[in-house]
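Okay, so here's the structure we're looking at.
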Amino acid sequence: MFADRAKIFIKSGKGGDGHVSFRRELYVPAGGPDGGNGGKGGDIIFEVDDGLNTLTDFRQVRKYVAQSGEAGGKRRCSGKSAEDLVIKVPEGTVIKEFESGKVIADMSGENRREVILKGGKGGLGNMNYATSTMQAPKYAQPGQPGQELWVQLELKVIADVGLVGFPNVGKSTLISRVSNAKPKVANYHFTTLDPHLGVVDLDEGKGFVMADIPGLIEGASQGVGLGYDFLRHIERTKVLIHVVDAASTEGRDPVEDIRSICHELEAYNPELLKRPQLIAANKIDSIFVEDGGEDPVERLKREFEPEIPVYPISGVTGQGIRELLYAVYDKLQTVDQAPVIFEKEFDTNALRNAENLPYTVEVVDGVYVVEGPRIEKMLGYTNLESEKGFVFFQNFLRENGILEKLEELGIQEGDTVRMYGLEFDYYK
């Protein structure tokens with residue numbers, strides 16, 4: 001069974017504790033502190049493995065915990081750092097924070113390896129705390145705890161072209177004829193459950209990757225039927241081909257089918273309809289027009305051209321397929337060839353003890369000053385010049401109660417807020 005989603009628990013290793021000890025040797029009175037530092041905990045790293053094409057392995061193992069670093073030892077010996085835990089995933093895997101659904105990393109394109117959770121730093125041994133006034137410190141720093149998180153893995157197929165359409169309209173037949181994909185083909189009255197990818201080779205070295213996306217039904221954008229399973233796989237494609245049964249062999253209206261699919265795509269993500277689209281009017285070998293009746297292909301052209309060009313084809317006989325494929329190739333030359341990469345929305349660095357770092361909010365000469373390690377740390381990894389970064393900044397202030405404290409101090413619209421040299425005007 002094709003597995004394209006998995007929920008797993010990941011936790012980086014704890015840093016080793018610093019050691020408390022004192023040098024004890026013959027003829028060396030008051031040798032001083034010699035407790036060593038703890039080792040670093042193991043990181044959680046995700047890495048692309050070209051030999052994988054599903055997330056099946058994560059159905060068996062759902063918990064991934066890196067080892068902790070060793071504690072420091074006597075005689076200034078540092079503890080051994082733990083090995084990193086590398087988790088292999090197929091290309092196209094999107095890692096999301098489970099509760100919020102925000103993207104942590106997209107393992108696509110050039111992003112082949114990424115540290116998702118960093119191991120805790122090892123604690124400092126008491127040898128680091130000796131001073132002229134405290135020559136025999138009896139304390140050491142504990143190792144930092146590891147980070148832990150529930151994440152959702154989603155595999156979104158990487159293809160240039162996606163075939164969309166209702167079940168049993170001929171998508172599987174088409175992709176099996178034009179590529180090396182081998183989906184099951186039969187007169188199913190239900191949909192293909194798995195996406196199939198195939199490489200389409202044209203003359204002179206031209207070609208592209210085509211995906212037979214699982215069939216769509218009405219209500220998919222609300223999760224009905226395969227719902228999100230279908231729509232998730234269409235997000236990376238650059239060109240969409242609407243495959244319809246032009247002969248209405250099962251009584252479906254091809255015009256209404258296309259309108260229904262466009263409605264579901266728009267409800268899920270309006271950006272999908274901005275991509276180039278074509279219509280493959282399939283099963284023309286089964287069309288029989290009665291006297292006085294209208295050719296269904298001409299009806300499709302009247303309804304959708306010139307915005308969406310219509311290409312009559314037969315997946316069985318091969319008629320019209322060559323013209324369709326070259327039209328698709330021409331469309332691909334008009335779009336950005338860079339792969340569709342999902343931007344990072346969740347920074348796991350914010351997990352590291354952010355809740356334990358202090359901050360202060362006070363009024364100084366009429367200016368509201370917000371300072372403290374928590375604020376300084378957040379500003380260090382946030383790009384306020386970008387729109388996403390500024391939204392993250394606003395959410396941080398709200399979620400950490402900073403806006404609430406400002407309001408308790410009586411801040412009004414237009415008042416100035418200062419944070420480490422940065423000044424903002426306050427507006428609700």
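The values are calculated or read from the model by the stated rules, or taken from the named source; none is laboratory data. As the structure is a prediction and not an experimental result, all values here were calculated from the model. We place every Cβ from the backbone using ideal geometry, glycine too, and count neighbours over all the protein chains shown. These area figures cover heavy atoms from the full protein model, side chains too; ligands, DNA and RNA do not enter into them. Shrake-Rupley method; radii C 1.70, N 1.55, O 1.52, S 1.80 Å.
Out of (1) closer than 24 Å to Trp150 by Cβ; (2) in a loop (DSSP other than H, G, I, E, B); (3) open to solvent by less than 50 Å² (accessible area, probe 1.4 Å), what's the single condition that is false for Gly122?
(1)
Yes or no: Arg236 under 21 Å from Leu332 (Cβ atoms) and buried (at least 17 other Cβ atoms within 10 Å of the Cβ)?
Criteria met by Arg236.
Among the residues of the range 99-136 satisfying the criterion of being more than 40 Å from the chain's Cα centre (by Cα) and among the hydroxyl-bearing types (Ser, Thr, Tyr), which is nearest to Gly79 (Cα to Cα)?
The qualifying residue nearest to Gly79 (Cα to Cα) is Tyr129.
Find all pairs meeting these conditions: Cβ atoms under 9 angstrom apart; at least six residues apart or on different chains; first residue within the range 144-156 and more than 30 Å from Gly38 (Cα to Cα) and of a type in the set (D, E, K, R); second residue at pLDDT 90 or above and open to solvent by 30 Å² or more (accessible area, probe 1.4 Å).
Going by the 9 Å Cβ cut-off, the qualifying pairs are Glu154/Lys96.
Considering the range 291-327 alone, what residues qualify as being among the β-branched types (Val, Ile, Thr) and either within 17 Å of Gln277 (Cα to Cα) or open to solvent by less than 70 Å² (accessible area, probe 1.4 Å) (or both)?
Val297, Ile308, Val310, Ile313, Ile321
Between a first residue in the range 268-283 that is within 17 Å of Val335 (Cβ to Cβ) and a second residue that is of a type in the set (Val, Ile, Thr) and surrounded by fewer than 19 Cβ atoms within 10 Å (Cβ to Cβ), which pairs have beta carbons less than 7 Å apart while being 6 or more apart in sequence or on different chains?
So the pair list comes out as Pro276/Thr334; Pro276/Val335; Gln277/Ile308; Leu278/Ile308.
Name the one entry in Pro145, Pro137 that is in contact with a strand residue (DSSP E or B) (Cβ under 7 Å, 6 or more places away or on another chain) and in a loop (DSSP other than H, G, I, E, B).
After applying the criteria, what remains is Pro137.
For Val289, all conditions in the list (1) modelled with pLDDT under 90; (2) part of a loop (DSSP other than H, G, I, E, B); (3) within 35 Å of the chain's Cα centre (by Cα) hold save one; what is the number of the exception?
All conditions pass for Val289, except number (3).
Check Val391 against each of (1) surrounded by 13 or more Cβ atoms within 10 Å (Cβ to Cβ); (2) within 30 Å of Leu149 (Cα to Cα) and name the one condition it does not meet.
Tallying (1) surrounded by 13 or more Cβ atoms within 10 Å (Cβ to Cβ); (2) within 30 Å of Leu149 (Cα to Cα), Val391 fails exactly one: (1).
For the range 1-114, list the strands (runs of 3 or more DSSP E) that sit wholly inside it and hold at least 1 residues that are touching an Asp or Glu at 6+ places or on another chain (Cβ under 8 Å), among the aromatic types (Phe, Trp, Tyr) and at pLDDT 90 or above; which are they? Show your work before the answer.
On the way: elements: 5-11, 44-48, 63-65, 85-89, 93-97, 103-107.
Counting at least 1 such residues, we get 5-11, 44-48.
Exactly one condition in (1) within 30 Å of His19 (Cβ to Cβ); (2) in contact with a strand residue (DSSP E or B) (Cβ under 9 Å, 6 or more places away or on another chain); (3) open to solvent by less than 70 Å² (accessible area, probe 1.4 Å) is false for Ala82; which is it?
(2)
Which residue is farthest from Gly101 (Cα to Cα), if the candidates are limited to the range 330-360 and must be open to solvent by 40 Å² or more (accessible area, probe 1.4 Å) and modelled with pLDDT of 85 or more?
Taking the candidates together, the pick is Asp330.
Within the range 63-70, is there a residue that is open to solvent by less than 70 Å² (accessible area, probe 1.4 Å) and closer than 30 Å to Ala159 by Cβ? Step through it out loud before you land on a result.
Of the range 63-70, the ones open to solvent by less than 70 Å² (accessible area, probe 1.4 Å) are 64, 66, 68-69.
With closer than 30 Å to Ala159 by Cβ added as a condition, the list becomes 64.
Within the range 63-70, one or more residues are open to solvent by less than 70 Å² (accessible area, probe 1.4 Å) and closer than 30 Å to Ala159 by Cβ.
Being farther than 17 Å from Val169 by Cβ and modelled with pLDDT under 75 is true for just one of Arg232, Arg275. Which residue is that? Can you show your working first?
Details: Arg275 fails: modelled with pLDDT under 75.
Selected residue: Arg232, the only one of Arg232, Arg275 that is farther than 17 Å from Val169 by Cβ and modelled with pLDDT under 75.
Tell me which of these Val363 doesn't satisfy, since it passes every other one: (1) surrounded by 11 or more Cβ atoms within 10 Å (Cβ to Cβ); (2) assigned to a helix (DSSP H, G or I).
(2)
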